[in-house]
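In what follows, a structure is listed as structure tokens, so that the remarks can point back to it.
The values are calculated or read from the model by the stated rules, or taken from the named source; none is laboratory data. Because the structure is a prediction, the values reported are computed rather than measured. No Cβ is skipped: glycine too gets one built from the backbone with ideal geometry, and neighbour counts run over all protein chains shown.
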Amino acid sequence: MTIRVLVCEDQELVRAGYTTIFSAQPDMEVVGEAADGRQAVEEVSRLRPDVVVMDIRMPILDGIEATRRLAGPGVDNPAKVLVVTTFNVDEYVYEALKAGASGFLLKDAPPRELVNGVRTVAAGESLVAPAVTRTLIGHYAERLRPDTTNPARDRVRQTLARRELEVLEQLAAGMSNAEIAEKLHITTETVKTYVSRILTKLDLRDRVQAVVLAYRVGLVVAE
């Protein structure tokens, strides 16, 4: 299956570089480009790409607000957005994920990592390294779980089986599939199955949303 990519970047040279990299892949097609956030929103509506590669610093409408309009809470048929930026700042990571992004990469990532990132997001998985997840938890846990009395917590507990809750707790701790498998004494494939069930049962798009939900409803608490 060909992954249809929309490149959103205000610098023409960088935008051309992304387009060249993605177009060279046998399983990718660049279906459009956008030079500002407003155009990005318009092009996603028109082209319906599989993955949107989004810069943060863009004119007219910044990448975070564009992402919110494309994939934020309440958006019908949310787009899959991979944020790529020069800014390695926790606040940007948090705001991008809160806005609905499925992943976050830095622009100095090698081309192969960028390409794999698009494939990962297209497959419905998140692209936030466990180390980044742990950093987010450490800095923003209180913001991720503003209301521990939220009735959604009970809904989550009632919806998921015991083992699924255990896996969700480990996801929220920033563990990779391999780390969860080792901790729970199960196979990596079994972890993937549990993660898939969790996302389906809770109507979540990816692991990022699962982590945010776990903290937001107080299912897990930062140490």
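Search region 173-223 for residues being polar (S, T, N, Q) and either over 24 Å from Q158 (Cβ atoms) or in the same structural domain as G100 (by TED's automatic domain parsing) (or both), and hand back the single one that is surrounded by the fewest Cβ atoms within 10 Å (Cβ to Cβ). Give the derivation first.
Let us first name the residues in region 173-223 that are polar (S, T, N, Q), namely 176-177, 187-188, 190, 193, 196, 200, 209.
Checking the rest, the ones that are also either over 24 Å from Q158 (Cβ atoms) or in the same structural domain as G100 (by TED's automatic domain parsing) (or both) come to 176-177, 187-188.
On the way: S176: 16, N177: 21, T187: 12, T188: 14.
If we take residues in region 173-223 being polar (S, T, N, Q) and either over 24 Å from Q158 (Cβ atoms) or in the same structural domain as G100 (by TED's automatic domain parsing) (or both), then T187 is surrounded by the fewest Cβ atoms within 10 Å (Cβ to Cβ).
Results for (1) surrounded by 14 or more Cβ atoms within 10 Å (Cβ to Cβ); (2) modelled with pLDDT of 95 or more; (3) not assigned by TED's automatic domain parsing to the domain that holds D55, shown as yes or no for each residue.
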{"site": "V7", "(1), (2), (3)": "yes, yes, no"}
{"site": "L13", "(1), (2), (3)": "no, no, no"}
{"site": "T19", "(1), (2), (3)": "yes, yes, no"}
{"site": "S23", "(1), (2), (3)": "no, yes, no"}
{"site": "M28", "(1), (2), (3)": "yes, yes, no"}
{"site": "V31", "(1), (2), (3)": "yes, yes, no"}
{"site": "A34", "(1), (2), (3)": "yes, yes, no"}
{"site": "R38", "(1), (2), (3)": "yes, yes, no"}
{"site": "S45", "(1), (2), (3)": "no, no, no"}
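So for region 57-68 (the condition being out of contact with any Lys or Arg (no Cβ under 6 Å at 6 or more places or on another chain), under 19 Å from P111 (Cβ atoms), polar (S, T, N, Q) and in contact (Cβ under 8 Å) with a residue 24 or more places away in the chain), does at least one residue qualify? Don't jump to the end; show me each part of the working.
Taking region 57-68 and keeping what is out of contact with any Lys or Arg (no Cβ under 6 Å at 6 or more places or on another chain), we get 57-59, 62-68.
Next cut, under 19 Å from P111 (Cβ atoms) only: none.
Checked against the condition, which is being out of contact with any Lys or Arg (no Cβ under 6 Å at 6 or more places or on another chain), under 19 Å from P111 (Cβ atoms), polar (S, T, N, Q) and in contact (Cβ under 8 Å) with a residue 24 or more places away in the chain, region 57-68 yields no hits at all.
Evaluate region 19-28: report whether one residue or more is assigned to a strand (DSSP E or B) and over 24 Å from R207 (Cβ atoms). Don't jump to the end; show me each part of the working.
Applying the first criterion (assigned to a strand (DSSP E or B)) to region 19-28 yields 28.
Filter once more, keeping what is over 24 Å from R207 (Cβ atoms): none.
No, that holds for no residue.
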**Among residues of region 201-223, those that are in contact (Cβ under 8 Å) with a residue 40 or more places away in the chain and either among the acidic types (D, E) or not in a helix (DSSP H, G or I) (or both), counted** = 9
**Message:** Of everything in region 160-200, what is closer than 19 Å to A123 by Cβ and touching a residue at least 24 places away in the same chain (Cβ under 8 Å)? Give them in sequence order.
**Reply:** V167, L171, S176, V191, Y194, V195, R197, I198, L199
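For D55, state whether it is among the charged types (D, E, K, R), closer than 30 Å to Y215 by Cβ, touching a helix residue (DSSP H, G or I) at 6+ places or on another chain (Cβ under 6 Å) and buried (at least 24 other Cβ atoms within 10 Å of the Cβ).
Numbers: among the charged types (D, E, K, R): yes; closer than 30 Å to Y215 by Cβ: yes; touching a helix residue (DSSP H, G or I) at 6+ places or on another chain (Cβ under 6 Å): yes; buried (at least 24 other Cβ atoms within 10 Å of the Cβ): yes.
In short, yes.
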